[in-house]
1. For residues that are crowded, with 23+ Cβ neighbours inside 10 Å and acidic (Asp, Glu), tally how many sit in region 521-561.
2. Condition first: under 30 Å from GLN207 (Cβ atoms), modelled with pLDDT of 90 or more and not small (Gly, Ala, Ser). Can you find one or more residues in region 286-308 that meet it?
3. What about LYS281, is it closer than 30 Å to ILE204 by Cβ, more than 16 Å from the chain's Cα centre (by Cα) and either among the aromatic types (Phe, Trp, Tyr) or not in a helix (DSSP H, G or I) (or both)?
4. Quick check on this structure: which one of GLY372, GLY324, GLY361, GLY393 is of a type in the set (Gly, Ala, Ser), free of Cβ contacts under 8 Å to residues at least 60 places away in the same chain and touching a Ser or Thr at 6+ places or on another chain (Cβ under 9 Å)?
5. Going by the conditions given, is ALA568 small (Gly, Ala, Ser) and more than 22 Å from the chain's Cα centre (by Cα)?
6. Say we look at region 281-304 and pick out the residues that are among the basic types (Lys, Arg) and touching a residue at least 24 places away in the same chain (Cβ under 8 Å); which of these is surrounded by the most Cβ atoms within 10 Å (Cβ to Cβ)?
7. Can you tell which of ILE235, ILE231, ILE202 is modelled with pLDDT of 85 or more and either open to solvent by 70 Å² or more (accessible area, probe 1.4 Å) or not in a strand (DSSP E or B) (or both)?
8. Check region 210-227 and report whether any residue there is among the polar types (S, T, N, Q) and at pLDDT below 90.
Amino acid sequence: MDKQQLNLALKENKVLSADKIETLEKERMQLKVPTPWEDFLVEKKVLNEAKLLQIKSALLGVPVLDLTTQQIAQDVLNLVPEPIAHRHQVISFAKTKDDLSLAMTDPEDIQTKEFIQKKTGLNIKTFLIGKTSLDFGLSKYHSSLEKEIKHLFTPESKPLVSSPEGESSADDSLKKMAEEIPVIRVVDTLLEYAVFEKASDIHIEPQESSVVVRYRIDGVLHDVMTLPKVIQAAIVARIKVLSNLKIDEHRLPQDGRFKIEKDGYKFSLRVSTIPIFDGEKVVIRLLDESAKAMTLEELGFEQASLDTISRNIKKPHGMLLVTGPTGSGKSTTLYTVLSMLNTKSVNISTIEDPVEYRIVGANQMQVNPKIGLTFDIGLRALLRQDPNIIMIGEIRDRETAEEAVHAAMTGHIVFSTLHTNSSAAALPRLLDIGVEPYLIASTVNAVLAQRLVRVICKDCQAEMKIDDAVIDSLSKQFHMDKLLPILIREGQVPAKTKTLKDLKFYKGQGCDKCGHTGYKGRMGLHEILEVTHTVAQMIMAHKSAQEIQEQGEKEGMVLMWEDGFIKALKGITTIEEIVRVSKE
């Protein structure tokens, strides 16, 4: 609910005066992690939950419901699976032939209602509930799941855990268990709602007495479900069956992959298992094959960086490198650049591990080390295929690096990724791998470094200013005295600005739309180093990454953290996010 609407209703109902609201808001914002406004009012005993629901009900025109007085059938409850119920605070409690009744803490969450309507094919009736009712509804899931799973391990299910000869065989029983309907349903639910939540990874983590399931959403892990320990082996076995891994191997890490295609989405899933103290941990990476290519502007590139990239990808040959840690969006950036260059007049060939997105018209090869198809061997083969543009998923070793450099020297445009923390560090890294300095200096056109930051939720965005204490704290990590001149040079603030304290920054206060995180979605921070004549000479002289970076700054390069502050000024992200992902 809109906070201003609620405050207006509180004043009209004579629950709070304007002065009292202002005092309470100041008190709330002094908390290290500000509590959502409605929860704060209840915590402070300004009004009880029943009164709050009554006011919200009148404002929204939605009836209030007490779930603790309802009999909820298990099949009706399960129409909204537990991850969705938890994250979006919605409980399915009653059903007729045509209608489904939903109890929600946010009846205005249209996206969730539409999703459930599409999945069930029923008309949705909405009711308003408070935290007490929600907790009661969520508690129903644990008891039901426990009952549903435990039947696999009852005496009646002994045929499942016996070999045809009647002798116990743990691995045979696991394979059969993996094909059981309840296990299939649990795994399908985890996958389906990871897609709905736009999660990039699913973590299935065995604990001493339970199994915790977490989703990485917008780069941050969230607990979504706790499963009984008794189902752990069956879930791992089911995922191994799907990804063609060895079910009877529990002591060694394994890697596999599979695909899911349903309701208009198509995902490629990479599976990794490792043995840990309490069992096998599984991590699944989700890659959306149906995702449309974004533009560089949508990825968060500022105009100066756009100009630099455009200039360098139009050169007839040479190499553009993208650097950053795992999960920083390197592949997405490269696919976007390839999409810009993808015309009928050029031959684009790629070698990747794995092929993450499909590009219509490009020839995409996937490495397979088991049969000897490595990056360097695949790249050698690609060069015999008359390519104009080559994309190499990652440069990991000397052989691949040398093949890439030679391809760039012989008239090809080459794109690749490298694991370094800054753009300048990529050049000495190539030297460390074993590439000759003159080859690096003559073939690398530019190096782009990037990180992903969370974007402020537009529904609860609020202005803020920074004071001397904040600036002093930031100065321990960044050269804050350099920031204002750069913001002025880049045209982000007026030339007459005297101090950073005069500038407006932003934060998300947290609302139901963003799961009270204050963030929704992600965007890139970037720095791009052009290999100019001076930088090329520094590479030949084996200069350090720090010296190369200082030269880049003299030539106008905006560092990643500086790009972050430009985005913070625009209300795209917060100072906390810049601190989280970047350093001087």
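1. 1
2. Yes.
3. Considered against the rule, which asks whether it is closer than 30 Å to ILE204 by Cβ, more than 16 Å from the chain's Cα centre (by Cα) and either among the aromatic types (Phe, Trp, Tyr) or not in a helix (DSSP H, G or I) (or both), LYS281 comes out as yes.
4. Of the residues listed, the single one that is of a type in the set (Gly, Ala, Ser), free of Cβ contacts under 8 Å to residues at least 60 places away in the same chain and touching a Ser or Thr at 6+ places or on another chain (Cβ under 9 Å) is GLY361.
5. Judged against the criteria, ALA568 is not a match.
6. ARG285
7. ILE235
8. Within region 210-227, one or more residues are among the polar types (S, T, N, Q) and at pLDDT below 90.
The values are calculated or read from the model by the stated rules, or taken from the named source; none is laboratory data. Quick caveat: nothing in here was measured; it's all calculated off a predicted structure. Cβ atoms come from the backbone with ideal geometry, glycine included; neighbour counts cover every protein chain shown. Quick note on the areas: whole protein, heavy atoms, side chains included, nothing else; ligands and nucleic acids left out. Shrake-Rupley method; radii C 1.70, N 1.55, O 1.52, S 1.80 Å.
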